[in-house]
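Structure first, commentary second.
The numbers here are math on the coordinates, done by the rules we state, and not lab data. This one's a predicted model, so the numbers in the text were calculated from it and none came from an experiment. No Cβ is skipped: glycine too gets one built from the backbone with ideal geometry, and neighbour counts run over all protein chains shown.
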């Protein structure tokens, strides 16, 4: 079954990027003239996704405004013979819906809010903090290809330096271990303090069958009283097939200041032909 729906959780407070995120959603940080979330929606659209649910919070109305038409702007440009500038406001050709997360109860709770949207169909999840570039195929396309190949839930991973693995969920390959870009997943270890099971960090792209929702509903709150997506995945792992795919392409974690500026530099170099 092909995946045509995706959930983008965008309700977090963006605490890693304070103080600017008091007024500007981190998803709206500009990267080469477009907000970060535009790049994520564009990635999903290029992968064949035609319906997206963006999970927002009360202070994220700017995201809704961005993906809406601005009749005032259109009228202004027409009045001043600048209609050609409308080309710069073209949005990805995808249907977008929204749902509010009333309380900050974690990533798992945000995904759970998409249960009615997904229905009985498999779906993708794209985390807007993770921006992928420099690959012939969009990151989520690689995840969807792996889903088509295996028919199982898919976790996108990439190699990470050992000293950074404590910041991520880490994939433990099933024995005898990976022999290619797609491999069976044995376990997930969330932010290992020592002895990580591999150097493969989970990196913000997933494909799920709808069974994930029952595990999110029945899961107990984890750290900070939040519903953790990783906890639901670990519970599901023993009863449903799971695989991982090593995503090709360079990844920028936009919640890290250095990565954010590197992402901007990458796009500028590409624009200038460097």
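What the table shows:
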| item | result |
| --- | --- |
| Percent of beta bridges antiparallel (DSSP, the chain, rounded to nearest 5) | 55 percent |
| Distance between the range 197-212 and the range 85-123 - C-alpha centres, whole angstrom | 18 Å |
| Computed lengthening from residue 136 to residue 167, 0.36 nm per intervening residue step minus Cα-Cα distance | 8.4 nm |
| Per-residue Cβ neighbour rank within 10 angstrom, fewest leading, 105, 251 | 105, 251 |
| Segment residue 181-residue 80, length gained on full extension (0.36 nm per residue, minus Cα span) | 31.1 nm |
| Angle between the chain longest axis and helix 139-150 axis [Cα atoms, degrees, rounded to 10] | 40 degrees |
| Cα shape, the range 218-274, gyration tensor, a/c 1.5 rule | oblate |
| Length-normalised contact order of the chain in % [C-alpha pairs under 8 Å, at least 6 apart] | 24 percent |
| Potential lengthening between residue 115 and residue 272 on full extension [0.36 nm per residue; Cα-Cα distance subtracted] | 52.2 nm |
| With Cα atoms, 0 to 90° folded angle of helix 257-271 axis to the chain main axis | 60 degrees |
| Over the chain: helical MRE at 222 nm, DSSP H runs n ≥ 4 each giving -39500 (n - 2.57), nearest 500 | -8000 deg cm²/dmol |
| The chain: angle of helix 36-46 to the longest principal axis, Cα-based, in degrees nearest 10 | 70 degrees |
| Distance (nanometres) between label positions extended 7 Å along Cα→Cβ at residue 61 and residue 248 | 4.5 nm |
| Sorted by Cβ neighbour density within 10 Å, fewest at the top, the residues 83, 72 | 72, 83 |
| For 208, 147, order by how many other beta-carbon atoms lie within 10 Å, fewest first | 147, 208 |
| Tail fraction, Cα-Cα pairs, the range 5-271, threshold 30 Å, whole percent | 27 percent |
